[in-house]
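First comes the structure, then the notes that go with it.
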Amino acid sequence: MPKSTEFNRRIPKQKFYENLTVSPTLKRFFVDQIKVIYWRNKIAATTMNLAAGEMVTEIEVFEVKLNESKLDESVLRQIDKEIPYHIIFLLEYDGKYQAWTAYKEAAASGNNAFKVGTYYHTDWLDETSLPLKIDGLNVDKVYENYVRQIAGDALQAENQESLKDSVERDNRRQELQKQIAAMQQKVRKERQFNKQMQLNTELKKLRKELEDLYDGKNENGDSEYDRTECR
């Protein structure tokens with residue numbers, strides 16, 4: 001990232017759980033899983049040749065050095081709640097990195113409050129292989145592209161849809177996949193033929209909605225979910 005964005009300030013991890021109503025479990029995650037937190041970069045109209053954003057004023061880049069190769073998501077959510085800006089997290093362990101972020105938007109209540117959505121992350125990669133490219137003419141667009149780069153295929157835009165619409169579509173996809181898996185289990189366990197037929201009808205409706213969500217076509221022109229049969 002441009003040198004003008006460098007901030008490089010260490011943040012005591014205690015700031016995120018001391019003097020706050022934090023559960024003992026969450027506090028233990030901070031203590032056991034995190035070695036140190038650095039505020040590495042600040043991307044904004046004041047630090048780069050970017051136009052100001054309407055929704056995103058600054059993008060902060062936090063490097064979180066870990067004691068082990070995992071970090072409970074609740075830790076990131078707690079940090080996101082305490083920092084009233086959009087954040088890209090770089091988790092580091094044993095020389096490898098994961099980039100994490102959640103779609104974060106202003107809450108209806110205002111007062112610098114944010115609603116933090118689903119987290120997306122990359123695989124563990126070398127630092128130079130992280131898919132983080134500053135792309136956009138304003139801070140809003142740079143943030144959107146960061147989220148899409150980290151999420152990969154999960155948030156590929158359909159017909160120039162907004163990032164919010166992409167996130168909502170992916171959330172619905174995940175919800176439908178869970179419902180389909182649960183319905184398949186019910187079909188397998190059901191012994192009465194009539195009830196099994198009813199469940200299969202509901203299952204087909206869920207699959208159809210999932211297909212419609214992504215136009216239901218793979219590269220061969222076949223529905224991806226037509227190949228999944230209940231047994």
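The values are calculated or read from the model by the stated rules, or taken from the named source; none is laboratory data. Just so it is clear, the structure is predicted and the values come from calculations on it, not from any experiment. Only protein heavy atoms, including side chains, enter the accessible area calculation; ligands, DNA and RNA are left aside. Shrake-Rupley method; radii C 1.70, N 1.55, O 1.52, S 1.80 Å.
Probing with 1.4 Å while keeping every protein chain in the model, the per residue accessible area of the chain equals 60 Å².
Only alpha carbons enter this Debye calculation for region 1-96, each as an equal point scatterer, and the log10 of I(q)/I(0) it gives at q = 0.12, 0.20, 0.22 Å⁻¹ is -0.42, -1.00, -1.13.
Entry note, region 81-160: relative contact order of 25 percent, from Cα contacts under 8 Å with a spacing of 6+ residues. For the chain, the longest principal axis of the alpha carbon atoms and the long axis of helix 24-33 meet at an angle near 70°.
Holding the Cα-Cα limit at 23 Å, pick out from LYS104/LYS208; LYS15/LYS164; LYS42/LYS115; LYS13/LYS96; LYS3/LYS141; LYS42/LYS81 the pairs that are longer than that.
Checking Cα-Cα distances, LYS104/LYS208; LYS15/LYS164 exceed 23 Å.
Sorted from largest to smallest, which semi-axis lengths in Å does the alpha carbon gyration tensor of region 98-185 give for its equivalent ellipsoid, taking the root of 5 times each eigenvalue? In descending order, the three semi-axes are 24, 19, 13 Å. Against the chain, whose longest principal axis comes from its Cα atoms, helix 139-151 is set at around 50 degrees. All Cα-Cα separations within the chain were binned at 5 Å from zero, giving a P(r) of 1, 6, 12, 14, 16, 13, 12, 9, 8, 5, 3, 1, 0, 0, each value a whole percent of the pairs. The alpha carbon radius of gyration of region 19-153, expressed as a multiple of 2.2 N^0.38 Å, is 1.05.
State, as an integer percentage, the relative contact order of the chain based on alpha-carbon contacts under 8 Å between residues 6 or more apart. The partial results should precede the final answer.
Numbers: 330 pairs, mean separation 29.8, N = 231.
In percent, rounded to a whole number, it is 13.
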